[in-house]
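First comes the structure, then the notes that go with it.
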């Protein structure tokens with residue numbers, strides 16, 4: 001996407017010209033079509049110009065619009081420099097092959113995912129709160145009880161639910177039914 005210019009709309013009323021707050025910006029957008037990539041001109045009224053303006057826009061789920069059939073295309077805003085860097089790294093990895101990944105580069109990638117590297121993240125506090133969910137080392141014991149209890153109360157006579165792609169043989173169904181009935185009677 002590249003910017004090709006801006007224009008300010010003027011309003012004329014009672015012989016006086018007045019400048020409106022609305023600015024229209026013409027963007028040249030690279031789009032993917034059935035025949036390949038094409039540039040299209042797109043006019044936007046008052047487009048955000050600062051990163052802070054972009055990040056303060058309300059988040060809307062595109063899935064809702066996709067289901068309605070009201071969406072024509074999806075535009076993903078991304079950092080061009082970061083994308084170029086990542087594309088270059090990816091090209092280099094593909095050129096070198098998988099075997100070229102040394103233990104040092106694996107260690108570097110692992111270190112990038114450490115708690116220290118996450119300190120600048122806005123989600124750091126939440127992640128630290130739930131650090132026992134995905135611990136660094138395999139725990140030797142169960143995690144500490146968080147006080148959340150899950151129970152399923154069955155109404156007497158309720159059949160169990162089996163979600164299989166094929167039916168069970170009758171003898172297995174009977175054995176399972178007898179088992180649950182005996183558990184129900186036992187309390």
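What follows is calculated from the coordinates using simple rules that are stated; it is not laboratory data. Remember, it's a predicted structure, so these values are computed and weren't measured experimentally. Cβ coordinates were reconstructed from backbone atoms using ideal geometry, including for glycine residues, and neighbour counts include every protein chain displayed.
For the pair residue 39 and residue 148, label points projected 7 Å from Cα toward Cβ lie 5.2 nm apart. Between residue 133 and residue 50, the contour length at 0.36 nm per residue exceeds the Cα-Cα span by 26.2 nm. Computed from the C-beta positions of residue 121 and residue 183, the FRET efficiency with R₀ = 45 Å rounds to 0.45.
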